[in-house]
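**Student:** Attaching a single structure in structure tokens format; questions to follow.
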Amino acid sequence: MNESVDQRILSIFMCGDVMTGRGIDQVLPHPGDPRIHELFVTDARRYVELAEKANGAVPKPVGFDYVWGDALDVFDEFRPDVKLINLETSVTICDDFWPGKGINYRMHPANFPAITAAGIDVCALANNHVLDWGYPGLEETLNALEGGGVRGAGAGRDVFLAAMPVTVAVPDKGRVHVFSFCDESSGVPEEWAAGGKRAGVNLLPDLTERTARQIGEQVRKVKERGDLVVASIHWGGNWGFEIPKEHTRFAHWLIDDSGVDIIHGHSSHHVKAAEVYQGKLIIYGCGDFLTDYEGIGGYEHYRGELGFMYFAYVHAADGCLKELRLVPTRVRRFQVARAFAGDARWLRDTLNGEGRSLGTRVEEGEGQTLFLRWE
């Protein structure tokens, strides 16, 4: 490999869960049917009322770019090569909700420009909400992504398509392959797994070394010299800073044996610690990035309204992390805003406390941007 290739740096934006359904769908230009089937709330507009009571009026209807708020300026400043999110909602007008699940997210397909407004390249779909409105809802979701020019990984019309990675070619730099997986620990029903010609999600059978090796076989089919591989994994419970040992082992196996360069973990409603292992980045939990949870009580000490815009700068030659920049954010009135100074300090202190056992810490730079440091 020549010197010019060795010096190439690929930049990838990642974030936690993006949930543009339910209350957020109701303030967008084309709100869907507000009826929902939760134990205590039966109308999605109730979540709008709770958010407005907590933080003030939302100017309904909002423009498609409204929900991204300050993130759009950050994108203009950082200009990442690839933008990856976990889209945690079904995009459908289907009324056939999945029974017994308790929470069912959906946004109207006509509101999908709320995703394209930010120039998102890849949506990870292997999560516990993409099939909330059944297989017709999944079909509409896939159609919405295709119609909007956004690539989706981790769910498909058969097991082959659900497992297939998305490949993004970055001119003069290389390629990024995004695999999307989910684990039952995040609340994904076992019957959602794609199988044969049955539609569904790319559900991991377990978090064993054997499964990691099988992923390695898939990676080797697409990865060439100078390519980067991202494993986007929806795993674990909603609350708690502790990182399960099986997550750490599985992430290490993916790096050691399977050719994965970045682990993009999500499911927790709050940020968790990150690790750099063998030079490769592991984000165990990105937290929530955009939701309609404002005004809902419980678990306040986890600060679920706070999150990060993760910008990873990675050497194309070997997939090793050069730099990770974290821009602190806060959800306010269904919009991503830059975090207040006190919130940014809370995020800094939390990552430093939780990352100590992993050999990582963060330092504050200009404009409250945090930089990951590792041993």
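The values are calculated or read from the model by the stated rules, or taken from the named source; none is laboratory data. Here the structure is a predicted model, which means the values were calculated and not measured. Neighbour counts run over all protein chains shown; Cβ positions are idealised from the backbone, glycine included.
**Student:** Keeping to the stretch 86-137, report how many residues are among the aliphatic types (A, V, I, L, M), in contact with a Phe, Trp or Tyr (Cβ under 7 Å, 6 or more places away or on another chain) and outside any helix (DSSP H, G or I).
**Tutor:** Residues that pass the stated criteria total 5.
**Student:** Of Ile283, Ile243, which residue is surrounded by 16 or more Cβ atoms within 10 Å (Cβ to Cβ), out of contact with any strand residue (DSSP E or B) (no Cβ under 7 Å at 6 or more places or on another chain) and touching a residue at least 40 places away in the same chain (Cβ under 8 Å)?
**Tutor:** None of the other options fit; the residue is Ile243.
**Student:** Kindly provide the set of residues from the stretch 350-375 that are surrounded by 15 or more Cβ atoms within 10 Å (Cβ to Cβ) and in a helix (DSSP H, G or I), ordered by number.
**Tutor:** The answer is Thr350, Leu351, Asn352, Glu354, Gly355, Leu358, Gln368.
**Student:** Spot the failing condition for Leu87; the list is (1) modelled with pLDDT under 95; (2) under 16 Å from the mean Cα position of the chain (by Cα); (3) not charged (D, E, K, R), and only one is missed.
**Tutor:** It is condition (1) that Leu87 fails.
**Student:** I'd like the full set of residues that are touching a residue at least 40 places away in the same chain (Cβ under 8 Å), touching a helix residue (DSSP H, G or I) at 6+ places or on another chain (Cβ under 6 Å) and of a type in the set (A, V, I, L, M, F, W, C), limited to the stretch 103-122.
**Tutor:** Selection gives Met107, Ala114, Ala118.
**Student:** While we're on this one: Filter the stretch 322-347 for residues that are within 24 Å of Pro59 (Cα to Cα), touching a strand residue (DSSP E or B) at 6+ places or on another chain (Cβ under 9 Å) and basic (Lys, Arg) and give the result.
**Tutor:** Correct list: Arg330, Arg338.
**Student:** Taking the stretch 144-157 on its own, how many of its residues are surrounded by 15 or more Cβ atoms within 10 Å (Cβ to Cβ) and in a loop (DSSP other than H, G, I, E, B)? I'd like the intermediate steps shown before the answer.
**Tutor:** If we filter the stretch 144-157 for residues that are surrounded by 15 or more Cβ atoms within 10 Å (Cβ to Cβ), which is where we start, we get 144-145, 148, 150-157.
Of the ones still in play, those that are also in a loop (DSSP other than H, G, I, E, B) are 150, 154, 157.
Residues meeting the conditions: 3.
**Student:** Do the conditions hold for Gly319, that is, is it touching a strand residue (DSSP E or B) at 6+ places or on another chain (Cβ under 6 Å) and at pLDDT below 95?
**Tutor:** no
**Student:** Take the conditions touching a Lys or Arg at 6+ places or on another chain (Cβ under 7 Å) and closer than 29 Å to Lys272 by Cα and apply them to Asp227. Does it pass?
**Tutor:** yes
**Student:** Taking into account only those residues within the stretch 332-349 that are in contact (Cβ under 8 Å) with a residue 60 or more places away in the chain and not in a helix (DSSP H, G or I), which is surrounded by the fewest Cβ atoms within 10 Å (Cβ to Cβ)? Outline the logic, then answer.
**Tutor:** Of the stretch 332-349, the ones in contact (Cβ under 8 Å) with a residue 60 or more places away in the chain are 332-338, 347.
From what's left, not in a helix (DSSP H, G or I): 332-338.
Working: Arg332: 18, Arg333: 20, Phe334: 26, Gln335: 20, Val336: 24, Ala337: 15, Arg338: 19.
Once the filter is applied, the top-ranked residue is Ala337.
**Student:** Being within 28 Å of His315 (Cα to Cα), crowded, with 18+ Cβ neighbours inside 10 Å and of a type outside the set (Ser, Thr, Tyr) is the filter here; which residues of the stretch 171-186 pass it? Full working, then the answer.
**Tutor:** Filtering the stretch 171-186 for residues within 28 Å of His315 (Cα to Cα) gives 171-182.
Among the residues that remain, those that are also crowded, with 18+ Cβ neighbours inside 10 Å are: 174-182.
Once the filter is applied, which keeps residues that are within 28 Å of His315 (Cα to Cα), crowded, with 18+ Cβ neighbours inside 10 Å and of a type outside the set (Ser, Thr, Tyr), the stretch 171-186 yields Gly174, Arg175, Val176, His177, Val178, Phe179, Phe181, Cys182.
**Student:** While we're looking at this one, here's another question. Got a sec? Which of Gly32, Gly69, Gly16, Gly23 is crowded, with 16+ Cβ neighbours inside 10 Å, touching a Ser or Thr at 6+ places or on another chain (Cβ under 9 Å) and at pLDDT below 95?
**Tutor:** Gly16
**Student:** Looking only at the stretch 309-320, which residues are more than 14 Å from Phe78 (Cβ to Cβ) and surrounded by fewer than 20 Cβ atoms within 10 Å (Cβ to Cβ)?
**Tutor:** Residues satisfying the conditions are His315, Ala317, Asp318, Cys320.
Okay, residues lined up against (1) at pLDDT 95 or above; (2) out of contact with any Cys (no Cβ under 7 Å at 6 or more places or on another chain); (3) of a type outside the set (Lys, Arg); (4) under 16 Å from Ile120 (Cα atoms):
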position: Gly134; (1), (2), (3), (4): yes, no, yes, no
position: Thr141; (1), (2), (3), (4): yes, yes, yes, yes
position: Thr167; (1), (2), (3), (4): yes, yes, yes, yes
position: Asp183; (1), (2), (3), (4): yes, yes, yes, no
position: Glu209; (1), (2), (3), (4): yes, yes, yes, no
position: Arg213; (1), (2), (3), (4): yes, yes, no, no
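**Student:** Cβ-Cβ under 8 Å, sequence separation 6+ or interchain: first residue in the stretch 350-375 and under 17 Å from Glu323 (Cα atoms), partner polar (S, T, N, Q). Which pairs?
**Tutor:** Every condition considered, the pairs that remain are Leu351/Thr360; Arg361/Asn352; Val362/Asn352; Leu372/Thr360; Arg373/Thr360; Trp374/Thr360; Glu375/Thr360.
**Student:** For Gly32, all conditions in the list (1) outside any strand (DSSP E or B); (2) in contact with a Lys or Arg (Cβ under 7 Å, 6 or more places away or on another chain); (3) closer than 21 Å to Ala337 by Cβ; (4) not aliphatic (A, V, I, L, M) hold save one; what is the number of the exception?
**Tutor:** (3)
Residue-wise test of (1) farther than 21 Å from Gly359 by Cβ; (2) in contact with a helix residue (DSSP H, G or I) (Cβ under 9 Å, 6 or more places away or on another chain).
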site: Trp235; (1), (2): yes, yes
site: Asp257; (1), (2): yes, yes
site: Gln278; (1), (2): no, yes
site: Glu294; (1), (2): yes, yes
site: Glu305; (1), (2): yes, yes
site: Lys322; (1), (2): no, no
site: Arg325; (1), (2): no, yes
site: Arg330; (1), (2): yes, yes
